[in-house]
Structures are given as C-alpha cells and as structure tokens.
Amino acid sequence: MKSVLTGERDTLDKVREISTMGAEWGDKITWGTLWNACEMEARDKGMKPGSQESIDYCAARLSEIVDKTQVVDSVLHRSQIMRSTATFTKMVTNFMAEPIKSYAMVAQAAVNLAQNPKDKAARARFARVGVTYVATAMATAA
C-alpha cells in the first residue's frame, strides 16, 4: 500500500510489473478485439458507428460474450458446483473455472444441436465450438 501511495517501488515490485506486461498486453488485445467484433456486428445490423444506440448494443453484447466465454471469477459467474460449500467439492473444483466454462460451452452447443439437428446454425456453432475447444486444448498442452 505504501508503494501505491508514494509511488516508490523496490526491485521486486519492478520485476513483478515487468513480468505481468505480457499478460496486460494480451488482455488489451483480447478486449479490444472483442469490442471491435461487437462494433462490426452493430454496423451489420444497421447501427451508426459511435451512436449511443451502437455503444449500448456493443456494451450489452460484450457483456453477453464475456459471460458465456471468458472466465470471470465472481459468485455470479461461477458454475453451480463451484458454489457448493462442501469442503471436498471446493477442493476438487479449485482452479477449475476455465475448464468448467469450456465444458459448459461444448455441452450447450451439443444440446442446441441435439434439439435442432437440421438447423445449419446449430451445426456451425457446434463445429466452431468443437474446433475452438480442441485448438485451445492443444495450445495449452504445448
């Protein structure tokens, strides 16, 4: 807290700051890409870029995308099993927010496909989610 108030940093603080720069840039690129995708979607729906309608749409759409795809660790974003108060369940699900979110995306796409087997959009969504899941797993393993 002292370093935050005074602005003084020791060597360890500087090393920590430097070590997180890559993650910070990654976050900036990711959030910017997601926002730009929302803006392109708003433009495709006929909204004027920069208008209040477009900004409101982008904000709502970005929130929806984040809720469904990004791991945000808060009580409101946790899966039901991660809300359990049982000690063993807490131990088993600790640090599992990202894999559980990924499994949930695959499961939701599979359910949508099973409910609408002739829907081209459901098939495309399932394929896209499946390819993304496999690519992510391979990148993580590498």
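Things to note:
- Largest GNM mean-square fluctuation among 14, 28, 90, using the chain with Cα springs under 10 Å: 14.
- Residue among 11, 85, 69 with the largest mean-square fluctuation in a Gaussian network model of the chain, springs linking Cα atoms under 10 Å: 11
- Dividing the summed helix terms, -39500 (n - 2.57) for each DSSP H run of n ≥ 4, by the number of residues in the chain produces a 222 nm estimate of -24000 deg cm²/dmol to the nearest 500.
- DSSP H segments from the chain that extend 20 Å or more along their own axis, Cα-based, with Kyte-Doolittle mean of 0.0 or above: 97-115, 120-141
- Region 35-116, accessible area per residue, ligands and nucleic acids excluded (1.4 Å, Å²): 71
- Over all orientations, the chain has a Cα convex hull whose mean projected area works out to 13.8 square nanometres.
- With a Förster radius of 30 Å applied to the C-beta separation of residue 15 and residue 59, the computed FRET efficiency comes to 0.25.
- Taking the centroid of alpha carbons for each part, region 47-121 and region 1-16 are 36 Å apart.
- Here the Kirkwood formula, the inverse mean of 1/r across different C-alpha pairs, assigns region 1-54 a hydrodynamic radius of 14.2 Å.
- Of the solvent-accessible surface of region 4-142, computed with a 1.4 Å probe over protein heavy atoms with every protein chain present, carbon and sulfur atoms account for 62 percent.
The values are calculated or read from the model by the stated rules, or taken from the named source; none is laboratory data. Worth saying up front: this structure is predicted, and the values here are computed from it rather than measured. Every residue, glycine as well, gets a Cβ built from its backbone with ideal geometry; the counts of neighbours run over all protein chains shown. The area values use the complete protein model at the heavy-atom level, side chains included, leaving out ligands, DNA and RNA. Shrake-Rupley method; radii C 1.70, N 1.55, O 1.52, S 1.80 Å.
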